1. Please provide three numbers in whole Å: the alpha-carbon extents of the stretch A:2-96 along the principal axes, with the largest listed first.
2. Can you give the alpha-carbon Rg of the stretch E:46-96 over 2.2 N^0.38 Å, where N counts its residues?
3. Only residues of the stretch C:63-95 count here: report those whose backbone N is under 11 Å from the spot 7 Å along Cα→Cβ of B:Arg14, or say none.
4. For the protein assembly as shown, what value does the Rg/Rh ratio take when both radii are computed over Cα atoms and Rh is the Kirkwood radius, given to two decimals?
5. Less than 20 Å from a label point 7 Å out along the Cα-to-Cβ axis of E:Glu91: which backbone N atoms in the stretch C:41-80 qualify, by residue?
6. In whole percent, what relative contact order does chain C give with Cα contacts below 8 Å and a gap of six or more residues?
7. Just need the relative contact order of the stretch C:45-106 here, percent rounded to a whole number, with Cα pairs under 8 Å and 6+ apart.
8. Taking the label point as lying 7 angstrom from Cα along the Cα-to-Cβ axis, what are the distances from E:Val11 to the corresponding position in the remaining copies, in ascending order and in nanometres?
Amino acid sequence: MIIGRVTGRAVSSRKDEKLAGAKLLLIEELDPEGAPTGDLAVTIDHLGAGAGDVVLVTQGSAARFTAPTKDRPIDSLVVGIIDNIRLDGRETFSKSSGFARAGKRR
Amino acid sequence: MIIGRVTGRAVSSRKDEKLAGAKLLLIEELDPEGAPTGDLAVTIDHLGAGAGDVVLVTQGSAARFTAPTKDRPIDSLVVGIIDNIRLDGRETFSKSSGFARAGKRR
Amino acid sequence: MIIGRVTGRAVSSRKDEKLAGAKLLLIEELDPEGAPTGDLAVTIDHLGAGAGDVVLVTQGSAARFTAPTKDRPIDSLVVGIIDNIRLDGRETFSKSSGFARAGKRR
Amino acid sequence: MIIGRVTGRAVSSRKDEKLAGAKLLLIEELDPEGAPTGDLAVTIDHLGAGAGDVVLVTQGSAARFTAPTKDRPIDSLVVGIIDNIRLDGRETFSKSSGFARAGKRR
Amino acid sequence: MIIGRVTGRAVSSRKDEKLAGAKLLLIEELDPEGAPTGDLAVTIDHLGAGAGDVVLVTQGSAARFTAPTKDRPIDSLVVGIIDNIRLDGRETFSKSSGFARAGKRR
């Protein structure tokens, strides 16, 4: 899985019928200090994540192993909202106060 | 999934029988501002996407979870035509007016 | 899928029994102008592709969704020989005359 | 699979019900000399790995082929704690004394 | 699949029970001239490959499509020992004499 930040949304009205109702979030992968790694993903969400949230994203066939996503043509899914991250013994992120360091591109 | 632009087509007359009738589109991945990331894909389309369209592409085994693509030897599929993209609260793309910024290579 | 050029072959006499008879081709991925992207693959072929051919290669579990490759331990397969490629409205490749531009490394 | 070092943990209280109880570890991939390759993963662990441990991580659908992870929406799993690594005939890592060379970024 | 050189081994005594007895090899991917591409893998072997051997490695779910690896949590497997490689019509590698050129990092 990766940790990423929700940076936006995409809307598609003309889409495969098996994606009906799917909410599409734009994600940028973050390292544990909050810096973007440069990797991007478009992912499905059914946990209610919103812009700015730091989320756990599962990729590949794993995205279809939840009740709402079974057998849908998706390869990426938000499976958790991150509460906090600890790196080398110190807290680098908490949901209430954000990342300890401003995230710069790695 | 990724967001990409349809840049062209490929034609293959001598192909595996399970790809009979498949339409092959060339895709370049775009970031949410419309800049190419450098990643390319060749993908199947059954939604009627055409040159210049900004599309949602699913990858890997996910590409086989639609009615027309079940059990076919494909790893990439257009599953939506993008109507609009919002990034950090502003609209970066709409189908009618394109990307707000000209996309430069990241 | 990717588009690639067949650059050579590999031979393995001591191999898993489920690969018996498999023909191994070396592929370099090409962009739509014919320039190598730098990515390489070793792939199975049962369409009769040969050195220099420009081919369509499917990757991952998709490679096992053809009659001759079902349940074999392969992750890459030639599924088509490319006849022509059109990019941004002009033909960049045809089987008879090759790529319009000499391909340089991207 | 990859070899990586456990650098930290992430906690998510609001997550898909099929991840209930899952322990999330942050991993950085290492080369056989102990230098980070730059690739990161968030992985599940049920072997009791802790901060600083050098572990074997399986990725993709493979992560669901153990008893505790069957059918869960995960794409990465710690499947072993590394005891030692030999490269080109010499020991580069042992669990008791760590890597022979300090690991610098490749 | 990829072609790689066996550079070493890893040993893990504390590992998932479904990996009992598995032999872990360190692999560096090679291009057809024998130069390392920079990509690394840890792979399972049941063909008897040893240090220095040039091998064919299958990746992802494909690694579980052999009798000894069925349903095991692995994503990489040696499926062949390479005898020779031909690139653009000339032999670049044979098992008896190695690569024609000393391999430099691409």
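Coordinate-derived values only; no laboratory data. Every value quoted in this text rests on a predicted model; they were computed, and no experiment measured them. Positions of Cβ are generated from backbone atoms using ideal geometry, with glycine treated the same way; all protein chains shown enter the neighbour counts.
1. Between the extreme Cα coordinates on each principal axis of the stretch A:2-96 lie 46, 23, 23 Å.
2. Dividing the Cα radius of gyration by 2.2 N^0.38 Å gives 1.36.
3. Backbone N within reach: C:80-83.
4. On the way: Rg = 22.6 Å, Rh = 23.8 Å.
Across the protein assembly as shown, the Cα-based Rg/Rh ratio is 0.95.
5. So the set is C:51.
6. Numbers: 223 pairs, mean separation 29.9, N = 106.
Once normalised by length, the contact order is 28 percent.
7. On the way: 77 pairs, mean separation 17.4, N = 62.
Once normalised by length, the contact order is 28 percent.
8. 3.8, 3.8, 6.2, 6.2
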